[in-house]
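The values are calculated or read from the model by the stated rules, or taken from the named source; none is laboratory data. Just so it is clear, the model here is predicted, and its values are computed rather than measured. Here the Cβ positions follow ideal geometry from the backbone for every residue, glycine too, while neighbour counts run over all protein chains shown. Side chains included, ligands, DNA and RNA excluded: accessible areas come from the protein's heavy atoms. Shrake-Rupley method; radii C 1.70, N 1.55, O 1.52, S 1.80 Å.
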Amino acid sequence: MLDLDQILERLYHKQIIAEPVIAYLCSLAKELLIQESNVVRLSTPITVVGDIHGQFEDLLEIFRIGGPCPFTNYIFLGDYVDRGYYSVETITLLLCLKLRYPKRITLLRGNHESRGITQTYGFYSECLRKYGSANVWKQITDIFDFLTLAATIDDSIFCVHGGLSPSIQHINQIVVLDRFREFPHEGAMADLLWSDPDPSIQEFSLSPRGAGYSFGEVIVSKFLYENNMDHILRAHQLCSEGYQILFEKKLSTVWSAPNYCYRCANLASILQIDTDKSKFFNVFDAAPNQENPYVEPTAKATEYFL
């Protein structure tokens, strides 16, 4: 029987967890996550966290600012790995917290929770470097297939990593998707993880990312009306001030990786929502001990940045 509190203590001190232990944690996490719906119903008070991207010290800073789990309820909107140099520690800590406090923390899937993406943007090579094989990468990317796709807060706020899809008009259509797989390059599941709001358009248009769609205020207003919702919360896009509010306060982007990639000099935020539905973007800068210990070699330049 694993002592999760002992493992958490080691992770908080940024200690690498042995491969057999990670394998067992992943097997436990699958048993837990398979029970969750594609759309999890949550309630306030709750704190919303955007992209982390392996910036482990900044994740610890989030818990210092927002309060430790389980004393604060958290929903993370995805993109736990890649880019930063501590993706293994980041995703392992979050999985352990989910196992230890399953009702206090919710983990959504982001577009980087993918076998294909992580082979290009850092997580795969980090696992090879730290463990000498791809076994840990395989175990953790298998878990990604079990992460839920969306959530609602107080039946009035819709949470997703990326955005909306022309294939999804009602939240119930998300509930019936088959999420237990590597998400495809196109279709509803990909759109939820890849799409972005665009204030320069009204409807849907193809995304410049090469996956998902850009969508405008008309689409947001229609989705909220059809689902009796008030607001959309999402992550996925770098915000220099840590967050962005669009479409007459109908949609917000939360970005939680400060000084992204150790060079962007952006702020970050977490969104704290109280029981009266008041929202407070708690903005923060990079952790004082944020580290960029080395520059990892890349085989070739890649076009996709955000």
Within the accessible area of the chain (1.4 Å probe), percent carbon and sulfur | 52
Taking a spot 7 Å from the Cα of D142 along the direction of its beta carbon, which residues of the range 1-19 have an amide N less than 16 Å from it?
-> 19
Which of the peptides 89-101, 127-139, 233-245 is most tightly packed, and how do the rest follow, judged by the mean count of other Cβ atoms within 10 Å per residue?
-> 89-101, 233-245, 127-139
Treating only the Cβ atoms of Lys and Arg (+1) and Asp and Glu (-1) as charged, compute the dipole magnitude of the chain about its Cα centre; round to the nearest 20 debye.
-> 360
If you place +1 on the Cβ of every Lys and Arg and -1 on the Cβ of every Asp and Glu, how big does the dipole about the Cα centre of the range 175-282 come out, in debye to the nearest 20?
-> 280
Accessible area (Å², 1.4 Å probe, nearest 10) - H185 = 130
Residue-normalised accessible area of the chain, given per residue in Å² at a 1.4 Å probe = 42
Where labels lie 7 Å past Cα in the beta-carbon direction, separation of N282 and S43 in nm | 2.2
Binning at 20 Å from 0, report for the chain what percent of all alpha-carbon pair distances ends up in each bin.
-> 36, 60, 4
Starting from the Kirkwood radius over alpha-carbon pairs of the range 1-121, derive D by Stokes-Einstein at 20 °C in a medium of 1.002 mPa s and give it in µm² s⁻¹.
-> 145
Mind ranking 55-61, 248-254 by how tightly packed they are, going by the mean number of other C-beta atoms within 10 angstrom, highest first?
-> 55-61, 248-254
Pair E31, S200: separation of 7 Å Cα→Cβ label points (nm) = 5.2
